[in-house]
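Peer 1: Before I ask anything, here is the structure I am working with.
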Amino acid sequence: MENKLYYKDPYMHTFRAHVLKQEIDEQGKQYVVLNETAFYPTGGGQPHDTGYIDDVKVIDVEEVNGEIRHYLEKEWQGSQNEVQGQIDWARRFDFMQQHAGQHILTAAFVELFNIPTIGFHLGRETVTIDLDIDQLSESQVIEAEQLANKIVLEGRPIETKWVAEEELVNYQLRKELAVTENIRLVIIPDFDYNGCGGTHPKTTAEVGAIKILDWERQKNKIRVQFVCGGRVISQLHQKQKVIKELTDLLNAPELDLAAAAKKLIDSGKEREKSLEALQEVLLSYEAKELLNHAESTEKGKVICEVFQNRSIQELQKLGRSIAAESNEAVVFLANELNGKLQFVCARGSEVTSSMKKVSGALLGLINGKGGGSDQFAQGGGESLLSGEQLLQHAKELVIQEKN
């Protein structure tokens, strides 16, 4: 542990070290190993540090086979002797706040409700813990958040201690440890005792604040989403900006936004219903108009019509509507849309021709796919023919079949 400066002083921003080796891993990524480092490697739920070694950016840090590898943005051509490392302190301190906040919030759920945490993820924007329970009430969330922030405001020390396995009996650990050597405890006196290899601030006060954003059930556990410290301010700024925009758009004060949004949504649904009803009326008129211009033959009334950029749903409704208006109607509708060709085939109740059979023949002409029944079929494919040519084929198939 002597070479891990982040354990000696998690507040160390810069340090000097010697390059022990420079290599490329199995994935072809360049890395260097130093004789000691303040760069924290990914582990224990905490992401790695970033920063610079001399003027080369460190983009990843991993501990592999006992050595800490500093993965670099570009090939290392610097000194093989002494170098200067510089930690991205804003990133490091953010992780310290989030990680310590997770310890506090987790302990709060245990203290109040004896609910253990079984999972933890420190993300770029939020942090999550998975609670070993399948239901969580809002009152429980509020109470846990209040206790966690009480611990923060008290400014309790956050201590770290290396102990031997036989010494663990002296501590009320929150959960069993996965290691039996190099055991490091993170302790908030009289509140939380936990094995952890992450970096943490000196006191709970430096966590700043803890705010639970949301919680949801995932299988047999509850995932709680929260933020700590500087992220609380960022979230507040982001949400306040959205609220301000909504208050202007909805012309309503903040506390009335939900009611104003619901009113707007309900009004939109009513308009949609009215629009759908009007569209049905228009389609009915359009169906009658097409029937009036149908080609009357000894074989019945044949309607062929080509449209541009209509929805297939509209064509379906129109085809069914025409077939319902006339028992002897045979309806072929085509739609030319963005280099594709769609069609609908429908028949009245007195027509014996199979629309499914006609559709199958048409699909072969346009390399298409579709399906349906003897009464109604539809499909679509490539524009290998014009809409008029496709419908002419459909019309000829019906006439030839009747002859």
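Peer 1: Out of all the residues in the stretch 26-40, which are within 30 Å of HIS200 (Cβ to Cβ) and assigned to a loop (DSSP other than H, G, I, E, B)? Steps first, please.
Peer 2: Residues of the stretch 26-40 that are within 30 Å of HIS200 (Cβ to Cβ), as a first pass: 29, 31-40.
Within the stretch 26-40, LYS29, ASN35, GLU36, ALA38, PHE39, TYR40 qualify.
Peer 1: Follow-up. Which condition number does GLU295 fail, the rest of (1) in contact with a Cys (Cβ under 9 Å, 6 or more places away or on another chain); (2) surrounded by 16 or more Cβ atoms within 10 Å (Cβ to Cβ) being met?
Peer 2: (2)
Peer 1: Taking the stretch 201-230 as the region of interest, how many residues are of a type in the set (Ser, Thr, Tyr) and buried (at least 20 other Cβ atoms within 10 Å of the Cβ)?
Peer 2: Number satisfying all stated conditions: 1.
Peer 1: Out of the stretch 358-373, which residues are surrounded by 15 or more Cβ atoms within 10 Å (Cβ to Cβ) and out of contact with any Asp or Glu (no Cβ under 6 Å at 6 or more places or on another chain)? Step through it out loud before you land on a result.
Peer 2: Filtering the stretch 358-373 for residues surrounded by 15 or more Cβ atoms within 10 Å (Cβ to Cβ) gives 358-360, 362-363, 365-366, 368, 370, 372.
Result: VAL358, SER359, GLY360, LEU362, LEU363, LEU365, GLY368, GLY370, GLY372.
Peer 1: Still on this model: When you check GLU154 against the structure, is it charged (D, E, K, R), at pLDDT 95 or above, out of contact with any Pro (no Cβ under 8 Å at 6 or more places or on another chain) and exposed (fewer than 15 other Cβ atoms within 10 Å of the Cβ), yes or no?
Peer 2: Values: charged (D, E, K, R): yes; at pLDDT 95 or above: yes; out of contact with any Pro (no Cβ under 8 Å at 6 or more places or on another chain): yes; exposed (fewer than 15 other Cβ atoms within 10 Å of the Cβ): yes.
The answer is yes for GLU154.
Peer 1: While we're looking at this one, here's another question. Scan SER321, SER274 and give me the residue that is more than 26 Å from GLY372 (Cβ to Cβ) and either surrounded by 10 or more Cβ atoms within 10 Å (Cβ to Cβ) or touching a Lys or Arg at 6+ places or on another chain (Cβ under 7 Å) (or both).
Peer 2: Values: SER321 fails: more than 26 Å from GLY372 (Cβ to Cβ).
Residue meeting the stated conditions: SER274.
Peer 1: Among the residues of the stretch 75-102, write down those that are touching a Lys or Arg at 6+ places or on another chain (Cβ under 8 Å), of a type in the set (S, T, N, Q) and more than 23 Å from ALA148 (Cβ to Cβ).
Peer 2: Initially, the stretch 75-102 is screened for residues touching a Lys or Arg at 6+ places or on another chain (Cβ under 8 Å), giving 82-85, 94, 97-98.
After this cut, where a residue has to be of a type in the set (S, T, N, Q) as well, the list is 84, 97-98.
GLN84, the sole residue that qualifies.
Peer 1: Quick check, is GLU216 part of a strand (DSSP E or B) and at pLDDT 90 or above? Full working, then the answer.
Peer 2: Numbers: part of a strand (DSSP E or B): yes; at pLDDT 90 or above: yes.
When the stated conditions are applied, GLU216 passes them.
The values are calculated or read from the model by the stated rules, or taken from the named source; none is laboratory data. All figures in this text were calculated on a predicted structure; none of them were measured in a lab. Cβ sites come from the backbone with ideal geometry, for glycine too, and all protein chains shown count toward neighbours.
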